[in-house]
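The values are calculated or read from the model by the stated rules, or taken from the named source; none is laboratory data. Worth saying up front: this structure is predicted, and the values here are computed from it rather than measured. Here the Cβ is made from the backbone with ideal geometry for all residues, glycine too, and neighbour counts use every protein chain on show. Accessible surface areas use protein heavy atoms only, side chains included; no ligands, DNA or RNA. Shrake-Rupley method; radii C 1.70, N 1.55, O 1.52, S 1.80 Å.
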Amino acid sequence: MTLTADPTTAAARRPVGQILAHWAEQRPDRMCCALDDRTYSFAEMHHRSRSIAAGVHALGIRPGDRVATLGPNRPEMLELFYGLALAGVVQVPINPYLKGSFLAHQLTGSRARMLVTDHAGSDAVAPLLNALPELTHIIHLDPGGTRTGTATAVPYTELTAATNPAAEPE
């Protein structure tokens with residue numbers, strides 16, 4: 001693999017959200033990324049990312065807060081990668097195969113205020129919820145997720161439905 005960009009240039013040191021915004025402006029219709037049968041143009045991914053950032057902020061999650069993601073590779077994880085970066089939060093990706101004390105250690109140590117997960121992740125986290133006092137919101141990727149302990153349950157579709165997409169954090 002050959003890298004063509006000089007990592008010391010100002011462009012290479014920009015935050016992920018700014019890089020996406022740049023390419024959404026320069027090449028809006030070009031393919032940004034793809035997973036399974038889903039492809040995103042730069043403009044589409046930037047719009048989705050801004051909606052996620054706005055949704056995260058609307059729930060009271062602020063730049064510097066931690067958001068854990070627990071799930072397999074799926075299109076929403078791509079959206080979250082860019083959206084959480086744009087929101088200025090710290091994304092904490094957690095191996096979806098962790099269970100029990102291993103999962104508890106990761107979640108407790110991360111001090112995540114929000115968790116985004118699917119049904120399998122929700123089932124794995126359910127017995128641990130009472131030991132996660134900093135967790136205020138659980139975003140369910142799959143419809144019908146309800147296990148939240150003291151955290152507030154939010155469907156992913158609500159998180160992405162922000163009508164006033166956020167600007168990039170300063």
*Please name all residue pairs, on different chains or six or more residues apart, with Cβ atoms under 6 Å, provided the first residue is in segment 100-129 and is within 22 Å of L84 (Cα to Cα) and the second residue is open to solvent by less than 10 Å² (accessible area, probe 1.4 Å) and not hydrophobic (A, V, I, L, M, F, W, C).*
V116/T69
*Quick one: count up the residues across segment 91-137 that are hydroxyl-bearing (S, T, Y), within 21 Å of I61 (Cα to Cα), in a helix (DSSP H, G or I) and open to solvent by 40 Å² or more (accessible area, probe 1.4 Å).*
1
*Taking only segment 47-74 into account, find how many residues are free of Cβ contacts under 8 Å to residues at least 60 places away in the same chain and either open to solvent by 30 Å² or more (accessible area, probe 1.4 Å) or polar (S, T, N, Q) (or both).*
8
_Selected residue (only one of E25, E79 is among the acidic types (D, E), open to solvent by 40 Å² or more (accessible area, probe 1.4 Å) and either at pLDDT below 95 or outside any helix (DSSP H, G or I) (or both))_ = E25
*Could you say whether any residue in segment 33-42 is farther than 20 Å from P15 by Cα, out of contact with any Pro (no Cβ under 7 Å at 6 or more places or on another chain) and of a type in the set (A, V, I, L, M, F, W, C)?*
yes
*asked:* Take the residues in segment 6-22 that are of a type outside the set (A, V, I, L, M, F, W, C) and either surrounded by 11 or more Cβ atoms within 10 Å (Cβ to Cβ) or touching a strand residue (DSSP E or B) at 6+ places or on another chain (Cβ under 9 Å) (or both); name whichever of them is modelled with the highest pLDDT.
replied: H22
*asked:* I'm trying to understand the selection: among the residues of segment 32-46, which are open to solvent by 40 Å² or more (accessible area, probe 1.4 Å), not in a helix (DSSP H, G or I) and not aliphatic (A, V, I, L, M)?
replied: D36, D37, R38, T39
